[in-house]
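Peer 1: Let me give you the structure first, and then I'll get to my questions.
The values are calculated or read from the model by the stated rules, or taken from the named source; none is laboratory data. Here the structure is a predicted model, which is why all the values come from computation and not from measurement. All Cβ positions, glycine included, derive from the backbone under ideal geometry; neighbour counts span all protein chains shown. The protein model used for the area step is the full one, side chains on, heavy atoms only, and it has no ligands, DNA or RNA in it. Shrake-Rupley method; radii C 1.70, N 1.55, O 1.52, S 1.80 Å.
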Amino acid sequence: MIARMSKYDFVLYAAQREDFIGKLRDLGLVDITTTGWEPSEEDRQLLLDIEGCTKAAEFLKAFRADGERCDAGAAAFASGEEAYEHYAAAQREAAAIRSEIARLEKAADELRPWGPFDVTRTERLAEQGILLHYFFTQRNTYDKQVAEWSARYSISEISRSDSTVWFVVVAAPGEEITLDAQEMKTPHMDIREAERRIAEEQSKLAALDAEFSRVAASEKLLAEYGATLKERLQGVRVAATAQQEADGTLLVMEGWAETETSEKVDALLADYPNVVWLKSDPTPEDDTPVKLKNNWFARVFELVGDMYARPKYGTLDLTPFFAPFYMLFFGICLNDAGYGAILTLLGIWMLSKNRKAGMMRQAAWFATLCGGMTVVFGGLCGSFFGISMQEWFPRVPFFDFQDRFFSIALAIGLIQIMFGMLLKVLMISSTVGFRYSLASLGWLLVIFGVSVAGGLPLLDSSWVIPFYTLSSPAFYATLCLGVVLMLFFNSPGKNPFVNFGLGLWDTYNNLTGILSDVLSYIRLFAIGLSGGILATVFNALAAGFVPEGAGIAVRLLIMIPILLIGHGINLFMSTISSFVHPMRLTFVEFYKNAGFEMSMRTFDPLRKIGADEN
């Protein structure tokens, strides 16, 4: 569900701004509107420093893991700011050194075929009018034409590989040399000098580890400095977007707080001097920030919904309603009890490693729930790492996924679409009035009637409701009521003829749209089937490589690597598909038919930022 919000309008002296923002930050309950903020050059540098602190934390985590590089006894810096400045400078120097090493290594690759030579000697020869030209060409070309070239020029082969020959041509100043070969610039150093310079640069790079070790010793101070920068950014955004009045003497700001905790905000404002404030309920025209307040199960699936957008304030949070469908769709797409068991165990392991509430623990519960549903559905279909469990338990009536699930996938799609339409009717009724939902209700009645009267018998000939068939009066009554609602009540208050015209136009668009929406659910069948087929293919491939009459040891040595690699690839690809395609069905088909409206703003109150949030 979406938490209720209260709107605040503040008027205060500009001189009070910093103190007022500090009080709100300490309270941690008020989101100040900063819409339209454009960062200045100074602000952009602040953003870069915040990003730099985040990258520094990631770098230090990997740096500490390398015990050979990190000096645990290094002295810490005096402050987090100093540690960040030294870190940034060391990173810039390290980047320049790595660039130079890359340049030298490229030069070394070009110089290696020429071997060691005296550069000063070649320069003295050039001063005496003896120039060396450096060439390389394909080996077969050189071998065919070296005799002809030697008749015209003084040629000396330096080295050769399986495909290339490197050679020099001695010439006088101004002499033109035409050969079927690639000439390179005269080297200004040999391979020994290049390798010496590379070693020198690498020693400089290694010397920077002492600086990074000092930064690692100041990691806590660095994290606190990053948190300070983020808090500073909060104040910068508020100051830049606050409306100035009375020649800059006064500031006008807009804020938001949860209605549930707004009494604490009221108490702070009542005690704060020289602040005029108004409290009101949000209107549809307001850009109200959104905070979701769901139960444990729905919160797990908020990470899916957040990949699209939060729902608009005043509408319906669809997370609790799509969560069971998403979990079911994931299990259908992966559709193997063995794969589901691996995903479940991975989720349980992640839960044991991430005991604090946060994104990683949320992802761990997500993997556990989806893996558990895959175990259930894979067990129902009798699939275990591509092996048919029917062979092990012939008396168990497993569900025949391949022969029966195509039409069931369409039925599941219809059920979710109709459920979305029902939610749309309820949402419109609760926000603007029941009469504005009559057209949506009409479409729901038509689709429901056709599905029950005509769809159920297609799934199973015994699923016929005697009093509700395609020729029954009850079906025609439902159909007529739905048609009337969708043709004449789509725009309450308008001329009936205008409504009829709009209804006809909507009928064409909705019919084609709903048809394509329902057909989209075939992907549940297709993805589940393709993953199962690939699993059986890898099993057959592993068995096919085993020689006839081989013992158990030989069979295991041959089959286990093939099965591990094959099922590993299939599990990885199938898990991605099982994650992405149910998400697509949720965002496109379900959200559209449920009338989802997105919010452009998430509730983000001013608050103290902890060092562990970097």
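Peer 1: Residue pairs, Cβ under 7 Å, 6 or more apart or interchain, first in the stretch 162-177 and at negative phi, second in a strand (DSSP E or B) and hydroxyl-bearing (Ser, Thr, Tyr). List them.
Peer 2: Between residues of the stretch 162-177 that are at negative phi and residues that are in a strand (DSSP E or B) and hydroxyl-bearing (Ser, Thr, Tyr), the close pairs are Val165/Thr137; Trp166/Ser159; Phe167/Ser156; Val168/Tyr134; Val168/Ser156; Val169/Ser154; Val170/Ser154.
Peer 1: Further question on the same structure: Quick one: would you say Glu93 is within 47 Å of the chain's Cα centre (by Cα), modelled with pLDDT of 90 or more and either under 15 Å from Glu183 (Cβ atoms) or open to solvent by 80 Å² or more (accessible area, probe 1.4 Å) (or both)?
Peer 2: On the way: within 47 Å of the chain's Cα centre (by Cα): yes; modelled with pLDDT of 90 or more: yes; either under 15 Å from Glu183 (Cβ atoms) or open to solvent by 80 Å² or more (accessible area, probe 1.4 Å) (or both): yes.
Considered against the rule, which asks whether it is within 47 Å of the chain's Cα centre (by Cα), modelled with pLDDT of 90 or more and either under 15 Å from Glu183 (Cβ atoms) or open to solvent by 80 Å² or more (accessible area, probe 1.4 Å) (or both), Glu93 comes out as yes.
Peer 1: Here's a check for you: in the stretch 402-446, which residue that is among the aromatic types (Phe, Trp, Tyr) and under 14 Å from Phe489 (Cα atoms) is most open to solvent (accessible area, probe 1.4 Å)?
Peer 2: Keep residues of the stretch 402-446 that are among the aromatic types (Phe, Trp, Tyr), which gives 405-406, 419, 434, 436, 443.
Imposing the further condition that a residue be under 14 Å from Phe489 (Cα atoms) reduces the set to 434, 436, 443.
Working: Phe434: 117, Tyr436: 97, Trp443: 24 Å².
Filtering the stretch 402-446 for residues that are among the aromatic types (Phe, Trp, Tyr) and under 14 Å from Phe489 (Cα atoms), the one most open to solvent (accessible area, probe 1.4 Å) comes out as Phe434.
Peer 1: Taking the residues in the stretch 518-564 that are hydroxyl-bearing (Ser, Thr, Tyr) and part of a helix (DSSP H, G or I) as candidates, determine which candidate is nearest to Leu410 (Cα to Cα).
Peer 2: Applying the first criterion (hydroxyl-bearing (Ser, Thr, Tyr)) to the stretch 518-564 yields 520-521, 530, 536.
Narrowing further to those that are part of a helix (DSSP H, G or I): 520, 530, 536.
Working: Ser520: 8, Ser530: 18, Thr536: 26 Å.
Going through the qualifying residues, I end up with Ser520.
Peer 1: Which one is least open to solvent (accessible area, probe 1.4 Å) among residues in the stretch 453-470 that are part of a loop (DSSP other than H, G, I, E, B) and farther than 18 Å from Ser407 by Cβ?
Peer 2: First, the residues of the stretch 453-470 that are part of a loop (DSSP other than H, G, I, E, B): 460-464, 466-467, 469-470.
From what is left, the residues that are farther than 18 Å from Ser407 by Cβ are 466-467, 469.
On the way: Pro466: 114, Phe467: 147, Thr469: 35 Å².
The selected residue is Thr469.
Peer 1: For the stretch 165-187, name all the residues that are of a type in the set (Asp, Glu) and touching a Leu at 6+ places or on another chain (Cβ under 9 Å). Reasoning before the result, please.
Peer 2: Of the stretch 165-187, the ones of a type in the set (Asp, Glu) are 175-176, 180, 183.
Of everything in the stretch 165-187, just one residue is of a type in the set (Asp, Glu) and touching a Leu at 6+ places or on another chain (Cβ under 9 Å), namely Glu175.
Peer 1: Shifting gears a bit: Kindly indicate whether Ser262 is within 27 Å of Phe385 (Cβ to Cβ), of a type in the set (S, T, N, Q) and more than 20 Å from the chain's Cα centre (by Cα).
Peer 2: Values: within 27 Å of Phe385 (Cβ to Cβ): no; of a type in the set (S, T, N, Q): yes; more than 20 Å from the chain's Cα centre (by Cα): yes.
The answer is no for Ser262.
Peer 1: Shifting gears a bit: Which of the residues that make up the stretch 1-29 are in a helix (DSSP H, G or I), within 35 Å of the chain's Cα centre (by Cα) and among the aliphatic types (A, V, I, L, M)? First the steps, then the outcome.
Peer 2: Quick first cut of the stretch 1-29, residues in a helix (DSSP H, G or I) only: 14-27.
With within 35 Å of the chain's Cα centre (by Cα) added as a condition, the list becomes 21-22, 24-27.
Within the stretch 1-29, Ile21, Leu24, Leu27 qualify.
Peer 1: Condition test on Met359, is it surrounded by fewer than 21 Cβ atoms within 10 Å (Cβ to Cβ), under 30 Å from Gly314 (Cα atoms) and not charged (D, E, K, R)? Before the answer, list the steps.
Peer 2: Details: surrounded by fewer than 21 Cβ atoms within 10 Å (Cβ to Cβ): yes; under 30 Å from Gly314 (Cα atoms): yes; not charged (D, E, K, R): yes.
Considered against the rule, which asks whether it is surrounded by fewer than 21 Cβ atoms within 10 Å (Cβ to Cβ), under 30 Å from Gly314 (Cα atoms) and not charged (D, E, K, R), Met359 comes out as yes.
Peer 1: Here's a follow-up. Go through the stretch 67-89 and count every residue that is small (Gly, Ala, Ser), open to solvent by 60 Å² or more (accessible area, probe 1.4 Å) and over 16 Å from Ala210 (Cβ atoms).
Peer 2: Qualifying residue count, the stretch 67-89: 1.
Peer 1: Consider Phe366 carefully, then state whether it is in a loop (DSSP other than H, G, I, E, B) and either open to solvent by less than 20 Å² (accessible area, probe 1.4 Å) or touching a Phe, Trp or Tyr at 6+ places or on another chain (Cβ under 9 Å) (or both).
Peer 2: Details: in a loop (DSSP other than H, G, I, E, B): no; either open to solvent by less than 20 Å² (accessible area, probe 1.4 Å) or touching a Phe, Trp or Tyr at 6+ places or on another chain (Cβ under 9 Å) (or both): yes.
It is false that Phe366 is in a loop (DSSP other than H, G, I, E, B) and either open to solvent by less than 20 Å² (accessible area, probe 1.4 Å) or touching a Phe, Trp or Tyr at 6+ places or on another chain (Cβ under 9 Å) (or both).
Peer 1: Within the stretch 590-612, is there a residue that is modelled with pLDDT under 85, β-branched (Val, Ile, Thr) and closer than 30 Å to Met360 by Cβ?
Peer 2: yes
Peer 1: When the stretch 422-445 is examined, which residues are found to be modelled with pLDDT of 85 or more and among the β-branched types (Val, Ile, Thr)?
Peer 2: Hits for the stretch 422-445 are Val425, Ile428.
Peer 1: Something else about it: Can you name the residue in the stretch 246-258 that is in contact (Cβ under 8 Å) with a residue 24 or more places away in the chain and over 23 Å from Ser6 (Cβ atoms) and, of all such residues, is most open to solvent (accessible area, probe 1.4 Å)? I'd like the intermediate steps shown before the answer.
Peer 2: First, the residues of the stretch 246-258 that are in contact (Cβ under 8 Å) with a residue 24 or more places away in the chain: 248-258.
Then keep just the ones that are over 23 Å from Ser6 (Cβ atoms); that gives 248-249.
Details: Gly248: 26, Thr249: 69 Å².
Here the answer is Thr249.
Peer 1: Does the stretch 425-433 contain at least one residue that is over 37 Å from the mean Cα position of the chain (by Cα) and either of a type in the set (Phe, Trp, Tyr) or in a helix (DSSP H, G or I) (or both)?
Peer 2: Residues of the stretch 425-433 over 37 Å from the mean Cα position of the chain (by Cα): 433.
Among the residues that remain, those that are also either of a type in the set (Phe, Trp, Tyr) or in a helix (DSSP H, G or I) (or both) are: none.
For the stretch 425-433, residues over 37 Å from the mean Cα position of the chain (by Cα) and either of a type in the set (Phe, Trp, Tyr) or in a helix (DSSP H, G or I) (or both): absent.
Peer 1: What number of residues within the stretch 103-120 satisfy the criterion of being part of a helix (DSSP H, G or I) and either among the aromatic types (Phe, Trp, Tyr) or under 32 Å from the mean Cα position of the chain (by Cα) (or both)?
Peer 2: Just the residues of the stretch 103-120 that are part of a helix (DSSP H, G or I), to begin with: 103-114, 119-120.
So of that shortlist, the ones also either among the aromatic types (Phe, Trp, Tyr) or under 32 Å from the mean Cα position of the chain (by Cα) (or both) come out as 114.
Of the residues in the stretch 103-120, 1 are part of a helix (DSSP H, G or I) and either among the aromatic types (Phe, Trp, Tyr) or under 32 Å from the mean Cα position of the chain (by Cα) (or both).
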